[in-house]
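The values are calculated or read from the model by the stated rules, or taken from the named source; none is laboratory data. Only a predicted model underlies this, so the values are computations on that prediction, with no experimental measurement involved. Note: ideal-geometry Cβ built from the backbone for every residue, glycine included; neighbour counts use all protein chains shown. Please note that ligands, DNA and RNA were not included when accessible areas were found on the heavy atoms of the full protein model with its side chains. Shrake-Rupley method; radii C 1.70, N 1.55, O 1.52, S 1.80 Å.
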Amino acid sequence: MKTDKLTSSFLELRDKLHRSALGFLKNDEDARDALQDTFLRLWRAGGAESDAEARNKLFAVLRNICIDRLRRPRAVPLDCSDSERLEVKAVSFEDIERYETLLTAGLTELQRRIYDLVTHGGVEYDLIAERLGMSVEAVRTNMSRARKKIRDNYNKLDK
């Protein structure tokens, strides 16, 4: 059975790739996962034309995957002592409506409609664009601006 350039290069370089990933991630299981992700990503992308291209792509993609994994925030399990310090507050429907009104203050009518359709209606951008006679990009832009305004309003509430 004939193997392609990517597979043969991967098999040849597997130990070096693993050591490289281990240098980044410091965990054998994470390094093995990064190797697998690297191969699958390149295999789906179409592989490589030559051995040199395959080697270069393998190391470059592996490095990028490792960096992405390092940047990803880690989930921290709560200890029993942590859960005792958590404060649980009952929030009424009226409180939620009041906060939403405060957060959406300053939105244009169009931004408010798009925000409501996406957030409360779960409507996709293409359907909103069709309903409102706009391009999908215009809907995305308005939603992005609405989110930014809401984020700014939230940061003002926090202070």
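Brief remarks on what is shown
- ARG85 vs. criteria modelled with pLDDT of 85 or more and of a type in the set (D, E, K, R): no
- All positions within the stretch 93-112 that are of a type outside the set (Ser, Thr, Tyr) and within 24 Å of ILE128 (Cα to Cα): GLU97, GLU100, LEU103, ALA105, GLY106, LEU107, GLU109, LEU110, GLN111, ARG112
- Within the stretch 129-143, the residues that satisfy the criterion of being assigned to a helix (DSSP H, G or I) and either open to solvent by less than 70 Å² (accessible area, probe 1.4 Å) or in contact (Cβ under 8 Å) with a residue 60 or more places away in the chain (or both) are ALA129, LEU132, VAL136, ALA138, VAL139, THR141, ASN142, MET143.
- Of all residues making up the stretch 5-19, the number that are of a type outside the set (D, E, K, R) and within 10 Å of LEU35 (Cα to Cα): 3
- Residue that is farthest from GLU137 (Cα to Cα) [pool: residues in the stretch 87-126 that are open to solvent by less than 70 Å² (accessible area, probe 1.4 Å) and in contact with a Leu (Cβ under 8 Å, 6 or more places away or on another chain)]: LEU103
- When we screen THR7, THR38, THR101, THR108 for residues that are modelled with pLDDT of 90 or more and closer than 30 Å to ASN155 by Cβ, the only hit is THR108.
- The set of residues in the stretch 148-159 that are free of Cβ contacts under 8 Å to residues at least 12 places away in the same chain and either more than 22 Å from GLU97 (Cβ to Cβ) or open to solvent by 70 Å² or more (accessible area, probe 1.4 Å) (or both) comprises LYS148, ARG151, ASN155, LYS156, ASP158, LYS159.
- Within the option set ASP95, ASP68, ASP15, being modelled with pLDDT of 90 or more and closer than 30 Å to LYS148 by Cβ holds for one residue only, ASP68.
- Residues located in the stretch 1-39, provided they are under 23 Å from GLU49 (Cα atoms) and of a type in the set (Asp, Glu): ASP4, GLU12, ASP15, ASP37
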